[in-house]
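Quick notes on the structure that follows.
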Amino acid sequence: MEFPLATANARRLLLLGAALISVFLTVQAARIWFASDLLDSGNLPSIERGAHILPGDAEAWDRLGRFRQWDFADSDPGAAVTDYQTAVREQPLSPYYWMDLASAYEQTGEMSRANEAYRRAEAVYPISAEVAWHYGNFLLRQGQNAEAMKEIQRAVRTDPSLLPLAISRIWVSTHDVNVLSSQVLPPNPGAYFRALDFFENIHDPDAGLIVWNRLLSLGQPFPLSRSFPFLDQLIGADRAEDARKVWIQAFQAAGLAQESPGPSLIDNGGFTQNFPNGGLGWRWNAPLGVSIDFDSPRIPNGTRSVRLDFGGGGNTDLDAPYQYVPVEPNRTYHFHGYLKTDRISTESGPRFSVVDPHHPGVSNIATQNLTGTNPWTPADADISTSPQTHFLLVRLYRAPSRLFENKLSGTVWMAEVSLVPSEKSEKKEESPQL
């Protein structure tokens, strides 16, 4: 649409209008800038002045309310309520202003009005995890646990990052692991493992076992390695039977087959499977200058052997491969294994060691120290557990040499490792030949 500007008066009027609009916009911009500067001042009188300069700005009144409510030197939640009321009146579709108002109501003891404000926030933003989280925690503080669990569960299902904090809050409030597992945790393995991690951190294996059993009831697979932290907790707590049961269940949940151990308590004593490096399986923490691998069958029954190669670069302190083995107190066990060496240097060579990892000196054996070159050599020993013993630590061990020429080089093989209760021990096999 065109406007005729044929006359000078018309052109003057247009320029005057443009100038007035420009002045108005400049004044408004300066006003907003000045008010924003006051709101950012960190000084209550200045913030109040800034909010009054922008009477229709909900954000300004919300900021004023938050300053009044959370001013550690001179908190005034009652005045903050008035400011938040102004904010929600100017912008009733903001769930955050309603939550701020609810928080101030709670602080002033107006619980029914706080509850209503949280409900208004949910009505505005019904899928918000943040709203559900804050409302659930409010209900938890009011002792309305059933309603609180629904809100908190909705929050963690929408935002899984809230789950660790939710587990902690629910436990502190209720100390009821059944409520936590049945009413809060989403039905997926990841959520249940977060709960297991929490109970591991607070050293509560009994609660962890309840969560574990509910995890299994989901019927969903999970990696074997995810069970390792919980198993370490059970091992550390000396819970041998629980650890053995969880280990078997973890294999089943992972869809894996375990080597048939026969009478031996050692898991994968024939090394037919690779090391899981956790749980009740073989573990290996590689020392500097040592490499590990599996060799093809070399002994009569055809099982694999584990080969360790020492590079000669250091005085290696060796205590692996190792495995925690659940046992019974006051029992005698027969240990059996095979070692073979090739050009092992120094006077301190590899040997098998079996100890009680939780009660040093109570149950402790070490087999013959092998140096130089040796054919497959059986290593046998009996070990009796104490009344306190529930685990034995079986490992390949080498103490550092005390000689000047102490660099360890050469190769060692280990095979056919077993630990059998003495009354079930079978006749020892003949030593294998090269």
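Brief remarks follow.
- Cross-chain or 6+ apart pairs with Cβ under 6 Å, segment 357-384 first and more than 19 Å from Thr332 (Cβ to Cβ), then among the charged types (D, E, K, R) and surrounded by fewer than 16 Cβ atoms within 10 Å (Cβ to Cβ): Thr373/Asp342; Thr373/Arg343
- Any hit, segment 183-196, residues being touching a helix residue (DSSP H, G or I) at 6+ places or on another chain (Cβ under 6 Å), crowded, with 20+ Cβ neighbours inside 10 Å and among the polar types (S, T, N, Q): no
- Lone qualifier among Arg244, Arg226 - being out of contact with any Lys or Arg (no Cβ under 8 Å at 6 or more places or on another chain), under 24 Å from Asp356 (Cα atoms) and not hydrophobic (A, V, I, L, M, F, W, C): Arg244
- Of all residues in segment 80-100 being under 35 Å from the mean Cα position of the chain (by Cα) and not aromatic (Phe, Trp, Tyr), the one that is farthest from Arg141 (Cα to Cα): Ser94
- Matching option when the condition is outside any loop (DSSP other than H, G, I, E, B), in contact (Cβ under 8 Å) with a residue 24 or more places away in the chain, farther than 16 Å from Ala415 by Cβ and assigned by TED's automatic domain parsing to the domain that holds Arg402, among Ser348, Ser353: Ser353
- Complete set of residues in segment 90-116 that are out of contact with any Gly (no Cβ under 8 Å at 6 or more places or on another chain) and in a loop (DSSP other than H, G, I, E, B): Gln91, Pro92, Leu93, Ser94, Gly109, Glu110
- Residue within segment 332-343 that is part of a loop (DSSP other than H, G, I, E, B), assigned by TED's automatic domain parsing to the domain that holds Arg395 and touching a residue at least 12 places away in the same chain (Cβ under 8 Å) present: no
The values are calculated or read from the model by the stated rules, or taken from the named source; none is laboratory data. Quick caveat, the model's predicted, so the values are computed rather than measured. Heads up, the Cβs are rebuilt from the backbone with ideal geometry, glycines too, and the neighbour counts pull from every protein chain shown.
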